[in-house]
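None of the figures in this text is laboratory data; all of them are computed from the coordinates on show. Please read these numbers as outputs of a predicted model, since none were measured by experiment. Here the Cβ positions follow ideal geometry from the backbone for every residue, glycine too, while neighbour counts run over all protein chains shown.
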Amino acid sequence: MDNFQYIDSQLHCELVAVRDIVEKTGTPTYIYSQTTLLTHFDRIAGAFAPLNPLICYSIKSCGNLAILRALQARGSGFDVVSGGELFRALKAEADGKMIVFAGVGKTDQEINEALDARIGWFNIESEEEFWNLDRLAGSQKLTAQGALRVNPDVSSVGTHQKTLTGKKETKFGVDIDRAEAFYIQASAAKHARLSALHLHIGSPIKSTQPYVDAITKALALIDRLAARNIHIDTLDIGGGFAAFYEGNEAPSAADYAAAIIPLLKDRKLRIILEPGRSISCNAGILVTRVQYSKQGGSKKFTIVDAAMNDLIRPTLYESYHFIWPVDVSGCSAPDNRQSTLRTAGDEKVDIVGPVCESGDYLAKDRYLPTTKRGDLLAVFSAGAYGFAMSSQYNARPRAAEVLVDGKTWRIIRRRETYDDLIAPEL
Ligand code: LLP
């Protein structure tokens, strides 16, 4: 699952003790394992090898340049959703042809930047956007490739309402029953080619069936288009593969591949995948220090120095992140990361941050070994949508980020300072 393990009662990331890192960096700090990151990338690449896909890592899940550079060197392309993410991809020396650009509201400036970078595909989310791309490409005397994002209207059990995208009446893509007419109209465009189809049905999708349903619908559409002499050469099946928060809840890359490959292996389609979480989630932890403990009515609160501004997932999606002390010399090392884990002497606490909102928590009613002021806690499976969704709310400088590779580690983003908080203000 990952390369975070207890050795001699100390949590290690690969071969480095987490305690030794935070002694230098302070807390809160995100720590990533390069081995875990690349192993998860390799698993997807290996499982889908029979389709020879272009893997476009989704930058939004964890976009630090060091992470992007490591993945780029491994052969990854990138899924971007803004001019800022495109900027990051290019700074990581991505090949423009290996970039796909999604998003319902691309501005003219962002489209022009992507045209300048000669990106591979614009994932088109509406008729108006397509014709705008045609116009902008024309004014630069370029031809742009588009992939129509089709909303296949499939259900996916287990995905939070806020991250479900493949159902009708979400803002994403074009309804599948309108797609055929869209492709026919688009064939008249002079500067934008629409010969690809894009799907992204949500995140995380904890079973393989929604992919099978969506791809089956997409292939039927591709066949109907072929009968009308419109040829689709590329199918981008998006991201959404699940990661391990409790340890056993997600299909493996091999499971997704086993369900998906049979549908596509005899098709002459270029396949694109856009995994984010399944690569970065298990590669990162957030380390925080206990500040105080207190009683509030019948509840016990463990107050730590990380807050909702550092990791917003628990309060935004009621997400579960396993949390455990970094030093287990006074308690036991966990033998699993499930929400049902109980060990001798643990107590039920809410783990909360210092932000002025009752929604500021990392865990509620969680059984945890007794902790005291100064103890370090690790919040696991925090690599995806962790730092990436952090903010400076309450004027809290953002956390540091560290990348570990075997026995070595380095700071890949320094902790923000108070001056960073006000630097852009005039
Ligand atoms: N492609 C597109 C077009 C997407 O919108 C996304 C994620 C991905 C790929 C990557 O999905 P992944 O493989 O990471 O599941 N903040 C939420 C997740 C939002 C996902 C948004 N789109 C969370 O923390 O759970």
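For the chain, the dipole from Cβ point charges (+1 on Lys and Arg, -1 on Asp and Glu) about the Cα centre works out to 220 debye, to the nearest 20. Counted over all Cα-Cα pairs of the range 233-376, pairs farther apart than 27 Å make up 36 percent.
All other residues with a Cβ under 14 Å from the Cβ of ALA423 taken together, and with Lys, Arg as +1 and Asp, Glu as -1, what is their net charge?
Numbers: positive: ARG398, ARG414; negative: GLU416, ASP419, ASP420, GLU425.
Around ALA423, the surrounding residues sum to -2.
Estimated purely from DSSP H runs of n ≥ 4, each contributing -39500 (n - 2.57), the mean residue ellipticity at 222 nm for the chain is -8000 deg cm²/dmol once divided by its residues.
Quote the FRET efficiency, to the nearest 0.05, computed for ALA227 versus LEU426 with a Förster distance R0 of 51 Å and r equal to the Cβ-Cβ distance.
That gives a FRET efficiency of 0.30.
If you place +1 on the Cβ of every Lys and Arg, -1 on the Cβ of every Asp and Glu, and leave all else neutral, what size is the dipole of the range 256-334 about its Cα centre, to the nearest 20 Debye? List each step's numbers first, then the result.
On the way: 10 positive and 6 negative charges, 54 e Å.
Taking the Cα centre of the range 256-334 as origin, the dipole is about 260 debye.
Considering only LEU90, ASN132, GLY146, and ranking their Cα positions along the charge dipole of the range 67-204 that arises from unit charges at the beta-carbon of Lys, Arg, Asp and Glu, the one farthest toward the positive end is LEU90. For the range 267-297 versus the range 346-409, the spacing of their alpha-carbon centroids is 12 Å.
Taking the Cα centre of the range 34-279 as origin, sum charge times position over the Cβ atoms of Lys and Arg (+1) and Asp and Glu (-1), and report the length of that vector in debye to the nearest 20. Walk me through the numbers on the way to the answer.
Numbers: 28 positive and 28 negative charges, 71 e Å.
Here the range 34-279 has a charge dipole of around 340 debye.
Look at where the Cα atoms of the range 166-203 and of the range 106-123 average out, and the two centres are 17 Å apart.
In a shell of Cβ-Cβ distance under 13 Å around GLY120, excluding GLY120 itself, what net charge do Lys and Arg (+1) and Asp and Glu (-1) give? Don't skip to the end; give the middle numbers.
Numbers: positive: LYS97, ARG118, ARG193, ARG270; negative: ASP79, ASP95, ASP233, ASP236, GLU274.
In short, -1.
I need PHE130, PHE78, PHE87 ordered by Cβ neighbour count within 10 Å, fewest first. Don't skip to the answer; put the middle values down first.
Numbers: PHE130 22, PHE78 29, PHE87 13.
Placing the least packed residue first, the sequence is PHE87, PHE130, PHE78.
Sorted on the mean count of surrounding Cβ atoms within 10 Å across their residues, most packed first, peptides 376-382, 91-97 read 376-382, 91-97.
Taking a ≥ b ≥ c as the square roots of the Cα gyration tensor eigenvalues, the range 34-279 comes out oblate, since a/c reaches at least 1.5 and a/b does not exceed b/c. Counting other Cβ atoms within 10 Å as a rough exposure proxy, the listed residues LEU136, LEU316 run LEU316, LEU136 from fewest neighbours to most.
Would you mind classifying the range 72-169 by shape? Square roots of the alpha carbon gyration tensor eigenvalues, ordered a ≥ b ≥ c; an a/c under 1.5 is rounded, otherwise it is prolate if a/b is larger than b/c and oblate if not.
In terms of gyration-tensor shape, oblate.
The residue among GLN72, GLY103, LEU426 whose Cα reaches farthest toward the positive pole of the charge dipole of the chain, with charges on the beta-carbon of Lys, Arg, Asp and Glu, is GLN72. Kirkwood analysis of the Cα pair distances in the chain returns a hydrodynamic radius of 22.6 Å. Cross-link partners for LYS268 among the lysines, with Cα-Cα distance under 19 Å and sequence neighbours closer than 8 places in the same chain left out: LYS217.
Which loop-located trypsin sites (Lys or Arg not before Pro) does the range 102-179 contain, where loop means any DSSP state but H, G, I, E or B and the Cβ has at most 14 other Cβ atoms within 10 Å?
For trypsin sites (Lys or Arg not before Pro) across the range 102-179 that sit outside H, G, I, E and B with at most 14 neighbouring Cβ atoms in 10 Å, the list reads ARG118, LYS141, LYS168, LYS171.
Here the gap between GLU23 and LYS141, fully extended at 0.36 nm per residue and compared with their Cα-Cα distance, gives a gain of 37.0 nm.
Counting beta carbons within 10 Å around each of CYS62, CYS356 and listing the fewest first gives the order CYS356, CYS62. When the charge dipole of the chain is built from unit charges on Cβ atoms (+1 for Lys and Arg, -1 for Asp and Glu) and taken about the Cα centre, the candidate among ALA384, ALA45, TYR245 whose Cα reaches farthest toward its positive end is ALA45. Listed by chain and number, the lysines placed with their C-alpha closer than 17 angstrom to that of LYS190 are LYS141; residues fewer than eight positions away on the same chain are left out. Taking the alpha-carbon distance from LYS60 and a cut-off under 20 Å, which lysines remain once sequence neighbours fewer than 8 residues away in the same chain are dropped? Answer for LYS60, where 20 Å is the Cα cut-off: LYS91, LYS97, LYS106, LYS162, LYS171, LYS206, listed by chain and number.
The residues neighbouring ASP327, those whose beta-carbon lies less than 9 Å from its own, together hold a net charge of 0 under the Lys/Arg +1, Asp/Glu -1 convention.
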